[in-house]
Structure formats: structure tokens, C-alpha cells
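Below: the structure, in C-alpha cells.
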Amino acid sequence: MAYRCEAQSPEAVVQLIAASYLRHGFYWYVTGSIPAGKDPTLIDRKLITKYGIDVSEWQRRHRKQRGIANAHYLRYQHWFILLVSEGHHALKQPAGKGGEGEHLCDCRRSPIRFHGYSISYRRAGVTTSGAPTANWHAHVRIDDNTYRILKDRFIDLATHRTADTLGHEFGRIPFARYAPIRRQLLNILRAVNERRKQQNFELLPHSVLKLKRTPVPVYVRPEPEVQQNTTLAEAA
């Protein structure tokens with residue numbers, strides 16, 4: 001099977017990065033944007049070939065044993081990201097030596113920012129003595145600027161909308177409900193209810209936030225599969 005790299009949605013991008021790539025040590029990254037007028041599929045093939053990304057799991061394990069990094073490539077519309085694991089790799093080489101290392105970021109220090117999300121990899125809590133634990137995990141939240149804009153908007157609407165209308169607006173917030181995002185949304189709801197309480201308006205229940213996260217399909221189906229399914233549907 002050819003290497004799949006085109007994501008169906010922003011939620012699919014975040015899900016794959018947080019649940020798979022970061023968990024398997026792909027901490028270093030560079031993002032980019034394909035210019036308008038360029039064919040994204042041609043850029044996909046170029047980058048996948050250039051950085052040796054389309055390889056088998058056996059080859060990836062063999063590289064890791066030899067201290068050579070592996071890479072992944074993911075694209076949504078015209079935005080793309082290259083992620084690299086521990087080891088030697090062309091992406092980690094300085095410019096002028098066949099690499100683009102000066103552009104690489106480490107998501108443990110600099111979060112991946114995408115469609116209003118902030119995706120990082122960080123330590124999970126503290127020990128009983130107050131020291132950081134040795135456990136790390138992916139951390140997905142609404143980035144600070146987007147969160148402030150969202151919170152200000154809902155506070156402005158707090159006393160200018162009915163409970164039903166405002167509840168519908170909360171339900172339409174597009175961010176996947178990861179734990180840090182759930183906390184952010186609950187903070188917004190508390191601020192809204194505080195404003196409504198001051199004016200003796202009906203308060204909103206937590207259920208308006210729709211806090212359950214549902215996994216989503218990740219990749220866009222290959223074109224031949226789409227065509228075949230269309231043909232079968234027409235034949236039926």
C-alpha cells in the first residue's frame with residue numbers, strides 16, 4: 001500500500017499527531033504551506049521521496065537500530081507537516097548540506113499550531129514530592145489567542161441570547177474534546193453562566209458543551225477507490 005498522507009479534516013490531523021506520531025517519538029517538526037496554483041499531490045510525492053518516508057515497518061525498525069531517524073509527512077489541504085524521530089536525518093542537517101535543520105522545532109518546547117489548536121508533548125503531572133514525573137503525554141488545547149477570542153465572544157453573547165440559542169452556539173464549537181480543551185470550554189461556560197446569573201438569566205448546563213470526543217477517520221480515500229465506489233453505486 002502506498003504511503004497515505006492526506007488528512008480528511010483538522011480533527012484527523014490532530015488525532016494522528018497526538019495519538020500516534022508524538023507517542024512514538026516524532027518530536028521534531030517543520031510545517032509549511034503549498035502555494036496556490038501548485039498541485040499538492042506533486043509536492044506530496046516530492047517530499048515523501050526526498051526524505052525516504054515511504055518505507056516498510058521493517059525498514060523503519062532497522063533505521064532506528066542504526067541510529068537513523070524516521071520521518072512522517074501529513075497534509076491537510078495546502079498545509080503540511082514533516083515530523084522526525086530521534087537520530088540522524090537530512091531534515092536535521094544545516095542548510096547547505098542537503099537539509100533544512102534550521103527550520104526544525106521540538107514540540108516539547110514549541111507547540112505545533114494548526115487551525116487554532118496547540119499540540120505539544122509534555123510531562124504528565126508531578127510526583128508526591130512536587131517534582132515532575134518521568135511520564136510524558138500529548139497535550140492538545142486551543143491555542144491562547146484563539147481561546148481568548150472564543151471566550152470574549154461567548155461572554156459578549158451571554159446576556160444577548162436565549163439559553164437555547166447560546167447552547168446551540170456552544171455545541172457548534174469545532175474543536176475536538178481532548179481533556180485540556182474540555183477544561184477550557186468549562187471555563188468559558190462558567191464565565192458565561194456567571195454573567196447570566198448577574199442578570200437573573202437561565203443558566204446553561206454542562207451538556208451544551210458536548211464534551212465527549214469521537215475518533216474520526218484520518219485519511220482521504222485514494223481516488224481509484226472513490227471512483228470504484230461511485231461506479232458500484234450507479235450500477236446498483
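The values are calculated or read from the model by the stated rules, or taken from the named source; none is laboratory data. Predicted model, so just to flag it, every value in this text is computed and none were measured. Cβ coordinates were reconstructed from backbone atoms using ideal geometry, including for glycine residues, and neighbour counts include every protein chain displayed.
Structure notes:
- For the stretch 158-186, the tally of residues that are loosely packed, with under 15 Cβ neighbours inside 10 Å, assigned to a helix (DSSP H, G or I), of a type outside the set (Asp, Glu) and over 16 Å from the mean Cα position of the chain (by Cα) stands at 6.
- Selection count, the stretch 1-57, where residues are within 17 Å of TYR117 (Cα to Cα), of a type in the set (A, V, I, L, M) and crowded, with 16+ Cβ neighbours inside 10 Å: 9
- Considering residues of the stretch 141-157 that are buried (at least 17 other Cβ atoms within 10 Å of the Cβ) and out of contact with any Gly (no Cβ under 8 Å at 6 or more places or on another chain) only, the residue nearest to ARG122 (Cα to Cα): ARG141
- Filtered residues of the stretch 65-86 (kept if farther than 16 Å from LEU22 by Cβ and modelled with pLDDT under 95): GLN65, ARG66, GLY67, ILE68
- Residue within the stretch 64-84 that is exposed (fewer than 15 other Cβ atoms within 10 Å of the Cβ) and within 20 Å of ARG221 (Cβ to Cβ) present: yes
- Residue that is modelled with the lowest pLDDT, among those in the stretch 115-132 that are assigned to a strand (DSSP E or B), of a type outside the set (Lys, Arg) and surrounded by fewer than 18 Cβ atoms within 10 Å (Cβ to Cβ): VAL126
- Scanning the stretch 212-221 for residues that are surrounded by 14 or more Cβ atoms within 10 Å (Cβ to Cβ) and closer than 19 Å to LEU185 by Cα yields a single hit, ARG213.
- Taking first residues from the stretch 190-213 that are free of Cβ contacts under 8 Å to residues at least 12 places away in the same chain and within 13 Å of ALA163 (Cβ to Cβ) and partners that are among the hydroxyl-bearing types (Ser, Thr, Tyr) and not in a loop (DSSP other than H, G, I, E, B), no Cβ contact under 6 Å between residues at least 6 apart in sequence or on separate chains turns up.
- Pair list, Cβ < 9 Å and 6+ apart or interchain, from the stretch 45-57 residues that are among the hydroxyl-bearing types (Ser, Thr, Tyr) to residues that are in a helix (DSSP H, G or I): TYR51/ALA90; TYR51/LEU91
Matching residues to (1) closer than 25 Å to ALA179 by Cβ; (2) in contact (Cβ under 8 Å) with a residue 60 or more places away in the chain:
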| position | (1), (2) |
| --- | --- |
| GLN15 | yes, yes |
| SER20 | yes, no |
| HIS24 | yes, yes |
| GLY67 | no, no |
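- Residues in the stretch 135-157 that are part of a strand (DSSP E or B) and either under 18 Å from ARG182 (Cβ atoms) or of a type in the set (D, E, K, R) (or both): HIS137, ALA138, HIS139, VAL140, ARG141, ILE142.
- All conditions but one from (1) at pLDDT below 95; (2) among the polar types (S, T, N, Q); (3) within 24 Å of TYR76 (Cα to Cα) apply to ASN145; the one that does not is (1).
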